[in-house]
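Trainee: Quick one: the structure is below, questions incoming.
The values are calculated or read from the model by the stated rules, or taken from the named source; none is laboratory data. If you're wondering where the values come from, they're calculated on a predicted model, not measured in any experiment. All Cβ positions, glycine included, derive from the backbone under ideal geometry; neighbour counts span all protein chains shown. Quick note on the areas: whole protein, heavy atoms, side chains included, nothing else; ligands and nucleic acids left out. Shrake-Rupley method; radii C 1.70, N 1.55, O 1.52, S 1.80 Å.
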Amino acid sequence: MLNNHRRLGAVLAVLIAPLAARAQPIPDLRDAEIKVTKVAGNVYMLQGSDAGNMAASVGEDGIVLVDDEYAPLAAKIAAALKGIGVTEKPVRFIINTHYHYDHTGGNLAFGSQGSTIIAHDNARARLASGGTAGNGGTVHFDMAPAGKDALPIITFDHDVSVHLNGEDIRALHFPAGHTDGDSIIFFPKANVVHLGDDYVRYGFPFIDVQAGGSVEGMIRACEGAMEKLPPDVKVIPGHGDLSNAAEVREYVRMLKDTSAVIDKAIKAGKTPDQMKQEKLLAAWSGKYSNEFIDTDAFIDTLYNSLTHQQHTKYLKHN
Ligand SMILES: [Zn+2]
């Protein structure tokens, strides 16, 4: 797990290098392999690097893919989907859980080949405009505007369903969590959910407060999704290994407890620097600090989220 954190940190550090001015080599994804895990029914989890996890409904009607990782992996993803051996049919639909390029990088390749891309209104708007994602502190990275073929052509405000492979695949928007354009994807027949980056397993999460994300929304999304689901649901996180309801609860507990500590310090008039000096989140550091979001970066995240200082670019409420 630690090794996974390190590798994730290394990849993400490289990705944020242009703005963070940390000179590191470009990650070489040529050797990356796509790991396919059968989750339940006709739903599979695909992992190709330390980028976002993918989910795929693979059946007689074709393929519905949730997220599509980094651009250079698109051909390998297509080959891995074919390799499952269930269908020769193409990826008919792609649902983006949010706009970040470690979840949407394959859009251009798949979109140009005729896959129909679906996402929340705000995810499309942010893909189209590009911009800077960040926690309002030291963690930030640039996204260039996406080309036409990489853009979702169907968008929705609240939810949308795709009825294929005998499944009613539903994307439901939860406002202001990891970003302001997140969708959680439900596969009710297979009893699987993909929580996107509202739930990650690398430790303290990245919350894109510069794109309308907030810790309160992330908590509401995780709880709101899980309360709709049976206790034995299989949970695909945005990053990390396949998970379950108990692990999501533990993560939500951490988000609530750390938020309460920082909220109390904000009300006492403390600055983020004082909170870091006083090591207010020391009790969680050992388990959750990681190279991408270390404890100080998470203090910044919570501070900026709870004081709403970074919500100036929020696109829309619903
Ligand atoms: Zn993300």
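Trainee: For the cross-link pairs Lys38/Lys256; Lys82/Lys148; Lys35/Lys89; Lys234/Lys267, which exceed 29 Å when the distance is taken from alpha carbon to alpha carbon?
Mentor: Details: Lys38/Lys256 32 Å; Lys82/Lys148 26 Å; Lys35/Lys89 20 Å; Lys234/Lys267 39 Å.
Result: Lys38/Lys256; Lys234/Lys267 exceed 29 Å.
Trainee: Sticking with this one: Using Cα-only point scatterers and the Debye equation, what is log10 of I(q)/I(0) for the chain at each q in 0.07, 0.11, 0.12 Å⁻¹, rounded to two decimals?
Mentor: -0.25, -0.63, -0.75
Trainee: Kindly write out, for the stretch 33-48 in residue order, the coupling ³J(HN,Hα) from the Karplus curve 6.51 cos²θ - 1.76 cosθ + 1.60 (θ = phi - 60°), rounded to whole Hz, with x marking Gly and Pro.
Mentor: Each residue of the stretch 33-48 in turn: 10, 8, 8, 10, 10, 6, 8, 5, x, 9, 9, 10, 10, 10, 10, x Hz.
Trainee: So, one more: Just to verify a number: what accessible area does Asp198 come out at with the full protein assembly present, 1.4 Å probe, Å² rounded to tens?
Mentor: 0
Trainee: Can you list the DSSP H helices in the chain whose Cα atoms extend at least 27 Å along the helix axis and whose mean Kyte-Doolittle hydropathy is -0.5 or higher? Before the final figure, lay out the partial values.
Mentor: Working: long enough: 245-267 (33 Å, -0.13).
Span-like helices in the chain: 245-267.
Trainee: Jot down the per residue volume, in cubic angstrom and as a whole number, of the convex hull over the alpha-carbon atoms of the stretch 234-299. Display every interim value, and only then the final one.
Mentor: Numbers: hull volume 5.9 nm³, N = 66.
Dividing the Cα hull volume of the stretch 234-299 by its residue count gives 90 Å³.
Trainee: Over the chain, with every protein chain in place, what whole percent of the accessible area is carbon and sulfur at 1.4 Å, could you tell me? Before the final figure, lay out the partial values.
Mentor: Details: 6890 of 13090 Å².
Within the chain, the accessible surface is 53 percent carbon and sulfur.
Trainee: Please give every one of the aspartates and glutamates within straight-line cross-link reach of Lys287, meaning a C-alpha to C-alpha distance under 13 Å, and leave out same-chain neighbours fewer than 8 residues apart.
Mentor: Glu250
Trainee: Next question, about the same structure. Treating the beta-carbon of each Lys and Arg as +1 and of each Asp and Glu as -1, no other charges, what is the dipole magnitude of the stretch 43-111 about its Cα centre, to the nearest 20 debye? Let's see the in-between values first.
Mentor: Values: 4 positive and 8 negative charges, 33 e Å.
The dipole magnitude comes to about 160 debye.
Trainee: Also, quick follow-up: For the stretch 229-315, state which chymotrypsin sites (Phe, Trp or Tyr not before Pro) are in a DSSP loop and have at most 11 other beta carbons lying within 10 Å of their beta carbon. Before the final figure, lay out each step's value.
Mentor: Numbers: sites: Tyr251, Trp284, Tyr288, Phe292, Phe298, Tyr303, Tyr314; in loops: Phe292, Tyr314.
Answer in residue order: no site qualifies.
Trainee: How much of the pair distance distribution for the stretch 172-318 lies past 18 Å, counting alpha-carbon pairs only, in percent?
Mentor: 55
Trainee: Please work out the average accessible area per residue across the chain, using the 1.4 Å probe convention, and give it in Å². Could the numbers behind the result be given before it?
Mentor: Numbers: 13090 Å² over 318 residues.
On a per-residue basis, the chain sits at 41 Å².
Trainee: log10 I(q)/I(0), Debye, Cα-only the stretch 146-185, no solvent, q = 0.28 Å⁻¹?
Mentor: -0.98
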